[in-house]
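Engineer: Have a look at this one before I ask anything.
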Amino acid sequence: MDRRDPFRLNALTSGHRACSGCGQAMAARMVGDLIGPDAIFVNATGCLQVFTTHNAQSAWQVPWLHSVFANAAAVASGVEAARRGLPGSERVVVQAGDGGTFDIGLQCLSGMIERGHDALFVCYDNEAYMNTGVQRSGSTPHAARTTTSPPGRLSEGKRHLKKDMLAIVAAHHMPYAATASVAFFPDLKAKVEKAMRLRGPRFLHVFSPCPLGWDHDAAASVQVARLAVETGLFPLVELEYGAVTGVMRLAQRRPVEDYLRLQGRFKHLFKDAHGAAELRHLQALADANIRRYGLLDATTAWDTGEAGRAQRGGRGGYAPAHGAAS
Amino acid sequence: MRRQLEGSRAVAEAVRLCRPRVIAAYPITPQTHIVEHLSQMVADGELAAECINTESEFAAASVALGAVAAGARAYTASAAQGLLLMTEVLFNIAGLRLPVVMTCANRAVGAPINIFNDHQDSLSLRDAGWIQLYVESNQEAVDSMIQAYRIAEACELPVMVCMDGFFLTHTFEPVELPEQAQVDAWLPPLRFSRALDPVAPATLGGGSEPDNYLEYRRAQHQALDHAADEIVSTAAAFQSTFGRTHGALIDGYRLDDAERVLITLGSVMGAVRDTVDALRERGERVGALKLRCVRPFPAAGLVHALRGARRVAVLEKAISAGAGGIIAAELRAAMHAAGIALPVDGFVGGLGGRDLTPASIEAVFAASAAAGPAPIGCQFVDVDAADEAARPGE
């Protein structure tokens, strides 16, 4: 096999041990295949590391390094520094879950960005510590049930808000920071390609449902991910040097309940008046996103409807030669 | 070339001669001067390296890890709190068998916070899987740094060169610096066999399970055991090229016919040598032994070197709180395993920068003169009299 033939390369190949419907496995395969063979991947501890490198087996067909949980961005800094000035065109990619990005890995990520390392940091966000059994993280959305933010007589799930990770990294005035979703592949593809055309620190935040932790049907992962975008809870946006340069407009606005009802982690919100109050709170958070990024009225390259059609093989983000620009 | 240099500058010059391509560090007293000197060398174009000023020691160790995994020779340095903040990564570097080399500018560990010298920081990391060399002088620091890269790269194991904070790092001594061409010939560029490479993609750092983890750890232990031979042969090769040696695993002083031997590590060995000379002049049959290599622990070498001794004192600047001296316990175990009933008196002193004077060392020799078994645990050297009255020891 010629590994340099992009139509032959699976950066992340079959046989790994992800759960069925795993959003992170989908996302990592999309990102890895798009970046191609000329890259060195550094992985934080987490589901992706565990399910791809079990016991002397590996699902990676690209050079891949895992050290510990918190230090992926710093390890990647070292890899990138070591490659500077040498022949070879390989790029450096960091992969981490939300724990390895929002929480324990945040300091190393900030350092990597501040020092201007030429590396793409990809966060596969499934909104909790799934590898250890669904504990809440700084990314867990408000009111979600996890094993450490359980609803109870005195609790409506997670008390705190999801950390605004994109704003935090964008505040470093880095070349590129964007959100993407496994439900909008052409958009994700365009963002990975754009990120790889740029130099310096770049950040891609990929929304990756976890059927096990979110308690939804394994076949519904893409639907759940699409609804997170269509409700405004997870806006698809791009920032360059801190300024918003791209927004995916919502073709139609969906109420947050459409998204929440599919997931057992929000089931307690539909029981009583306390839950109803939290539902209004979550709707207000979505409304704030819609206002902040102009998700209903922005002039954008595509909207969620077009991107959805494109995903089914129509117009959209494939190579321009295939007519995407028309 | 012989120059009068501060210890940190001397170490920086030695690191420069080894041509690391990546230097990563976070400042902590008393390590700072080393990294400042290296930064200036890079700024002046005297050293072609990437200086990565990280946001923590944890990241500094991680950058060094990544750099070596990508095939570059790398360097880092730290001390005390910084070294402990690196701990998770240091274990990981050793488990990945990456030849990272670092300097530990030995410093006490808080609380109470104290910037001065002892060996609590690096000795607390004796189980991390790193080769640990403790140096007596700035010349030994220079020479050990150059040896460290050769040992690390031959064994695919990380090496920590431990030098006493302030006593060495901030002290000016005459130091002989080798020529660049000599070092280049002696230390070829790193060729790391497992370097990450898109042409031959490999997975580094994957998971293991109960059915093979034990074997990985055993292999690591055996590699450290075998590294003893490499440390010895490297010291010999260094001597034949550069004309200097400081011992390899251990360095005995006036051990012939010595009945009582004091074992220590680091810069205090200089004062110990002077004290041995003074006691010898008074007719006492005493000797000393510098433990240069703590990991791998040179048990066989110690047993052999101490075969004529009647009693041994270990003077160390660290303590396993609740147990006693660390090296004393390891020496007792080595002697016991060899079937030798040699009394080993454990002394803990010099903590947090307290001077160990010739008088203190003489007192240790005097306290380790009795016949009969040595007490288990440790005795403290130069404890404040008021504190002793308030909290009497054994």
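Rule-based calculations on the coordinates, nothing more; no lab input. If you're wondering where the values come from, they're calculated on a predicted model, not measured in any experiment. Here the Cβ positions follow ideal geometry from the backbone for every residue, glycine too, while neighbour counts run over all protein chains shown.
Engineer: Describe numerically, in nm with one decimal, the distance between label points set 7 Å from Cα along Cα→Cβ at A:Q57 and at A:A276.
Structural biologist: Going from the A:Q57 label point to the A:A276 one covers 5.1 nm.
Engineer: Which one of B:V232, B:L351, B:Y253 has its Cα pushed farthest toward the positive end of the charge dipole of chain B, where Lys and Arg give +1 and Asp and Glu give -1 at the Cβ?
Structural biologist: B:V232
Engineer: Quick check on the stretch B:251-390: of the DSSP beta bridges with both residues there, what percent are antiparallel, nearest 5%? Could you put the intermediate results ahead of the total?
Structural biologist: Values: 4 of 20 bridges.
Beta bridges within the stretch B:251-390, antiparallel portion: roughly 20 percent.
Engineer: Determine, from the Cβ-Cβ distance of B:A185 and B:A154 and an R0 of 22 Å, the FRET efficiency 1/(1 + (r/R0)^6), rounded to the nearest 0.05.
Structural biologist: On the way: r = 16 Å, r/R0 = 0.72.
It comes out at approximately 0.85.
Engineer: Taking the stretch A:63-104 as the region of interest, what is the percent of Cα-Cα pairs per 10 angstrom bin, listed from the shortest bin to the one with the maximum distance?
Structural biologist: In order of increasing distance, the bins hold 26, 51, 20, 3 percent.
Engineer: What percent of all Cα-Cα pairs in the stretch A:30-76 falls into each 10 Å bin, going from 0 up to the bin containing the maximum distance?
Structural biologist: Result, from short to long distances: 25, 57, 18 percent.
Engineer: Just B:A321, B:A338, B:A111 to compare: in a GNM of chain B, with alpha carbon springs under 10 Å, which one fluctuates most?
Structural biologist: With Cα springs under 10 Å in chain B, the top fluctuation among B:A321, B:A338, B:A111 is at B:A111.
Engineer: Count charges around A:R136 for me, please; just the other residues with Cβ under 12 Å from its Cβ, Lys/Arg as +1, Asp/Glu as -1. Mind showing how you got there, number by number?
Structural biologist: Working: positive: A:R145, A:K158, A:R159, A:K162, A:K163, A:R265; negative: A:D98, A:D103, A:E127.
Once all neighbours under 12 Å are counted, the net charge is +3.
Engineer: Can I ask one more? Write out the trypsin sites (Lys or Arg not before Pro) in the stretch B:188-220 meeting two conditions: DSSP loop, and at most 13 other Cβ atoms within 10 Å of their Cβ.
Structural biologist: Details: sites: B:R191, B:R194, B:R217, B:R218; in loops: B:R191, B:R194.
Loop-located and lightly packed - B:R191.
Engineer: Right, here's the next one. Using Cβ counts within 10 Å as a stand-in for footprinting exposure, how do B:I28, B:I113, B:I131 rank, fewest first?
Structural biologist: Details: B:I28 22, B:I113 10, B:I131 26.
Ordered from fewest to most neighbouring Cβ atoms within 10 Å, B:I28, B:I113, B:I131 come out as B:I113, B:I28, B:I131.
Engineer: Given springs between every Cα pair under 10 Å in a Gaussian network model of chain A, which of A:S139, A:S221, A:S110 has the largest fluctuation?
Structural biologist: With Cα springs under 10 Å in chain A, the top fluctuation among A:S139, A:S221, A:S110 is at A:S110.
Engineer: Another question, if that's okay. Give the angle, between 0 and 90 degrees and rounded to the nearest 10, that separates the Cα long axis of helix A:273-293 from the longest principal axis of the Cα atoms of chain A.
Structural biologist: 40 degrees
Engineer: Okay, moving on. Ranked highest first by average number of other Cβ atoms within 10 Å, how do A:98-104, B:208-214, A:42-48, B:43-49 line up? Provide the component values of the computation, followed by the final result.
Structural biologist: Numbers: A:98-104: 25.6, B:208-214: 10.6, A:42-48: 28.1, B:43-49: 13.6.
Ranking, from highest mean packing down: A:42-48, A:98-104, B:43-49, B:208-214.
Engineer: Can you run phi through the Karplus equation (6.51, -1.76, 1.60; θ = phi - 60°) for the stretch B:278-284 and list ³J(HN,Hα) in whole Hz, with x for Gly and Pro?
Structural biologist: Result, rounded to whole Hz: 5, 5, 4, 5, 8, x, 7.
Engineer: Here's a follow-up. Looking only at other chains, what is the average number of their beta-carbon atoms within 10 angstrom of each beta-carbon in B:46-59?
Structural biologist: On the way: counts 0, 0, 1, 1, 8, 1, 9, 3, 9, 9, 6, 0, 7, 13.
Per-residue shielding by partner chains comes out at 5.
Engineer: Given the convex hull over the Cα atoms of chain B, what projected area results after averaging over all orientations, in nm²?
Structural biologist: Answer in nm², one decimal: 20.8.
Engineer: Hey, got the Cα dimensions of the protein assembly as shown along the principal axes, in Å, largest first?
Structural biologist: Here the Cα extents, ordered largest to smallest, are 98, 62, 44 Å.
Engineer: Under 25 Å Cα-Cα from B:K317, which lysines qualify once same-chain neighbours fewer than 8 residues away are excluded?
Structural biologist: Within the straight-line limit of under 25 Å, B:K317 reaches these lysines: B:K290.
Engineer: Could I ask something else about it? Calculate the mean, over all residues of peptide B:205-215, of how many other protein chain Cβ atoms lie within 10 angstrom of the residue's Cβ.
Structural biologist: Values: counts 11, 15, 12, 4, 3, 1, 2, 2, 1, 0, 0.
Other-chain Cβ atoms within 10 Å of each residue's Cβ, averaged: 5.
Engineer: Moving on to the next point. Which loop-located GluC sites (Glu not before Pro) does the stretch B:138-202 contain, where loop means any DSSP state but H, G, I, E or B and the Cβ has at most 11 other Cβ atoms within 10 Å?
Structural biologist: Values: sites: B:E140, B:E153, B:E156, B:E176, B:E179; in loops: B:E156, B:E179.
Passing both the DSSP loop test and the Cβ count: B:E179.
Engineer: For A:R254, list long-range residues whose amide hydrogen, built 1.01 Å from N in the peptide plane, is under 5 Å from its own amide hydrogen.
Structural biologist: Here A:T231 satisfy the definition.
Engineer: Please list the non-local residues whose amide H lies under 5 Å from the amide H of A:R249, H modeled 1.01 Å from N, same-chain partners needing a gap of 5 or more.
Structural biologist: A:W302, A:T304
Engineer: For the stretch A:1-160, what Kirkwood radius comes out of the mean inverse Cα-Cα distance, in Å? Let's see the in-between values first.
Structural biologist: Numbers: mean 1/r = 0.0603 Å⁻¹.
Evaluated on the stretch A:1-160, it is 16.6 Å.
Engineer: While we're on this one: Would you pull out the residues with amide H under 5 Å of B:C162's amide H, same chain only if 5 or more places away, H placed 1.01 Å from N?
Structural biologist: Hits under the 5 Å cutoff: B:C104, B:L133, B:Y134, B:V135.
Engineer: Further question: Under a GNM of chain A (C-alpha, springs under 10 Å), which listed residue has the highest mean-square fluctuation: A:H66, A:H16, A:H274?
Structural biologist: Of A:H66, A:H16, A:H274, the Gaussian network model singles out A:H274 as fluctuating most.
Engineer: Same structure again: Which of the lysines could a cross-linker bridge to A:K271, judged by Cα under 27 Å and excluding same-chain residues fewer than eight apart?
Structural biologist: Of all the lysines, those that pass the test against A:K271 - Cα under 27 Å, at least 8 places apart if same chain - are A:K158, A:K162, A:K163.
Engineer: At 222 nm, what helix-only mean residue ellipticity would chain A give, in deg cm²/dmol to the nearest 500, using -39500 (n - 2.57) for each DSSP H run of four or more?
Structural biologist: The per-residue figure over chain A is -9500 deg cm²/dmol.
Engineer: How charged is the neighbourhood of B:A94? Take every other residue with its Cβ under 11 Å from the Cβ of B:A94, and add Lys/Arg as +1 and Asp/Glu as -1.
Structural biologist: Details: positive: B:R97, B:R217, B:R295; negative: B:D127, B:E156.
Local charge sum for B:A94: +1.
Engineer: How much of the pair distance distribution for the stretch B:1-145 lies past 22 Å, counting alpha-carbon pairs only, in percent? Mind dumping the intermediate values first?
Structural biologist: Details: 3526 of 10440 pairs.
Taking all Cα-Cα pairs of the stretch B:1-145, the fraction more than 22 Å apart is 34 percent.
Engineer: What is the sum of charges, Lys and Arg at +1 and Asp and Glu at -1, for the other residues whose Cβ falls under 11 Å from the Cβ of A:T101? Show your work: numbers first, answer last.
Structural biologist: Values: positive: A:K163; negative: A:D98, A:D103, A:D125.
Combined, the nearby Lys, Arg, Asp and Glu give -2.
Engineer: Another question, then. From Cα pairs below 8 angstrom and at least 6 apart in sequence, can you work out the relative contact order of chain A, rounded to a whole percent? The partial results should precede the final answer.
Structural biologist: Details: 681 pairs, mean separation 48.4, N = 326.
This gives 15 percent for chain A.
Engineer: Turning to a different aspect of this structure: What translational diffusion coefficient, to the nearest whole µm²/s, does the stretch B:290-358 have by Stokes-Einstein, given a Kirkwood radius computed over alpha-carbon pairs, a temperature of 4 °C and 1.567 mPa s viscosity? Intermediate values should be presented prior to the final figure.
Structural biologist: Working: Rh = 12.8 Å.
For the chosen part, D equals 101 µm²/s.
Engineer: Given labels modelled 7 Å from the Cα in the Cβ direction, how far is it in nm from A:S20 to A:A167?
Structural biologist: So the label points at A:S20 and A:A167 sit 4.0 nm apart.
Engineer: Moving on to the next point. Over the C-alpha atoms of chain A, what are the Rg and the largest Cα-to-Cα span, Dmax, in Å?
Structural biologist: 19.0, 64
Engineer: Taking only the alpha carbons of the stretch B:251-390, what extent do you get along each of the three principal axes, in Å, biggest first?
Structural biologist: Principal extents (largest minus smallest coordinate, Cα): 41, 37, 29 Å.
Engineer: Apply the Karplus curve 6.51 cos²θ - 1.76 cosθ + 1.60, θ = phi - 60°, to the phi angles in the stretch A:94-101 and return the couplings in whole Hz, x for Gly and Pro.
Structural biologist: 10, 10, 8, x, 5, x, x, 10
Engineer: Which of the trypsin sites (Lys or Arg not before Pro) found in the stretch A:235-282 are loop residues per DSSP with 13 or fewer other Cβ atoms within 10 Å of their Cβ?
Structural biologist: Values: sites: A:R249, A:R253, A:R261, A:R265, A:K267, A:K271, A:R280; in loops: A:R253, A:R261, A:K271.
Qualifying residues, ordered by number: A:K271.
Engineer: Nearest 20 debye, what's the magnitude of the dipole of the protein assembly as shown about its Cα centre given +1 on Lys and Arg Cβ and -1 on Asp and Glu Cβ?
Structural biologist: 2200 debye
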